[in-house]
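Presented below is the structure to which this report refers.
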Amino acid sequence: MEAEDIDSDRLFVITGGPGSGKSTLINALAEHGICTMPEAGRAIIREQVAIGGEALPWSDRRAFAELMLRWEIRSYRAALSLRAPVIFDRAVPDVLGYLRLSDLPIPSHIERAAQTFRYHHRVFIAPPWPEIFARDAERKQSFQEAHLTYEVMTETYSALGYDLLPLPLDSVQKRVQFVEAAVG
């Protein structure tokens with residue numbers, strides 16, 4: 001699959017640090033009838049915990065990254081079969097960012113994936129938002145780690161040539177309106 005063979009103008013990404021309202025926004029967009037693709041990380045954590053697997057961010061980050069990459073590529077291919085715009089809760093470049101954040105070597109196949117599986121040139125990024133940040137069973141990072149994740153995702157997407165569109169620190173309804181206006 002070559003990047004130029006795909007019409008990526010209808011594939012939009014929402015990225016950022018944990019606890020910044022991405023998943024809540026994605027769920028609200030889905031309720032508005034917009035096609036969405038769920039986040040890989042939380043689903044993989046739930047699956048790995050359920051089976052006693054080790055591909056977890058607190059056990060084996062490299063294996064966790066590989067599972068996220070497979071998930072994101074499947075989501076990308078599934079989105080191509082849809083005719084409408086699709087909003088992704090994170091995407092292939094987030095795997096690259098995750099490895100950078102984890103200070104792990106980046107395999108060449110992950111770099112190639114981030115170059116090959118392209119999305120709309122405008123990427124929504126959720127800034128750190130201390131008022132809504134909360135830890136839970138799957139989100140164990142501190143707010144400081146969430147802020148660092150935001151910075152790494154900003155650098156990663158920018159280096160890949162994407163234009164970042166910060167989400168407003170506002171109500172879910174205002175964020176939905178913001179995304180809908182940008183998506184068209």
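The values are calculated or read from the model by the stated rules, or taken from the named source; none is laboratory data. Nothing here was measured: the structure is a model prediction, and the numbers come from that model. When we count neighbours, we look across all protein chains shown, and the Cβ atoms used for this are built from the backbone with ideal geometry, even at glycine.
Identify all residues within the range 36-48 that are surrounded by fewer than 18 Cβ atoms within 10 Å (Cβ to Cβ) and either farther than 23 Å from F64 by Cβ or in contact (Cβ under 8 Å) with a residue 24 or more places away in the chain (or both); write none if there are none.
Filtering the range 36-48 down to residues surrounded by fewer than 18 Cβ atoms within 10 Å (Cβ to Cβ) leaves 38, 42-43, 46-47.
If the condition is that a residue be surrounded by fewer than 18 Cβ atoms within 10 Å (Cβ to Cβ) and either farther than 23 Å from F64 by Cβ or in contact (Cβ under 8 Å) with a residue 24 or more places away in the chain (or both), then P38, R42, A43, R46 are the ones that fit.
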| note | Inside the range 30-42, the number of residues satisfying the requirement of being within 15 Å of the chain's Cα centre (by Cα), at pLDDT 95 or above and part of a helix (DSSP H, G or I) is 0
| Out of (1) modelled with pLDDT of 95 or more; (2) touching a strand residue (DSSP E or B) at 6+ places or on another chain (Cβ under 6 Å), the odd one out for T156 is which? | (2)
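Would you mind listing the helices (runs of 4 or more DSSP H) fully within the range 43-124 where at least 3 residues are farther than 17 Å from G17 by Cβ? Don't jump to the end; show me each part of the working.
Values: elements: 61-80, 92-101, 108-116.
Here the list reads 61-80, 108-116.
Just wondering, is there one or more residues in the range 16-32 that are farther than 21 Å from A126 by Cβ and exposed (fewer than 13 other Cβ atoms within 10 Å of the Cβ)? Full working, then the answer.
The first filter runs over the range 16-32 and keeps only residues farther than 21 Å from A126 by Cβ, leaving none.
No, the range 16-32 has no match at all.
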| query | Does E2 satisfy the condition of being at pLDDT below 90, loosely packed, with under 13 Cβ neighbours inside 10 Å and either touching a strand residue (DSSP E or B) at 6+ places or on another chain (Cβ under 9 Å) or farther than 24 Å from P127 by Cβ (or both)? | reply | yes
| query | List the pairs whose first member sits in the range 149-164 and is surrounded by fewer than 21 Cβ atoms within 10 Å (Cβ to Cβ) and of a type in the set (A, V, I, L, M, F, W, C), whose second member is at pLDDT below 95 and part of a helix (DSSP H, G or I), and whose Cβ atoms are under 7 Å apart, counting only residues at least 6 apart or on separate chains? | reply | V152/L101
| task | Among what's in the range 73-103 and is among the acidic types (D, E) and touching a strand residue (DSSP E or B) at 6+ places or on another chain (Cβ under 8 Å), pick the residue that is surrounded by the most Cβ atoms within 10 Å (Cβ to Cβ). | result | D94
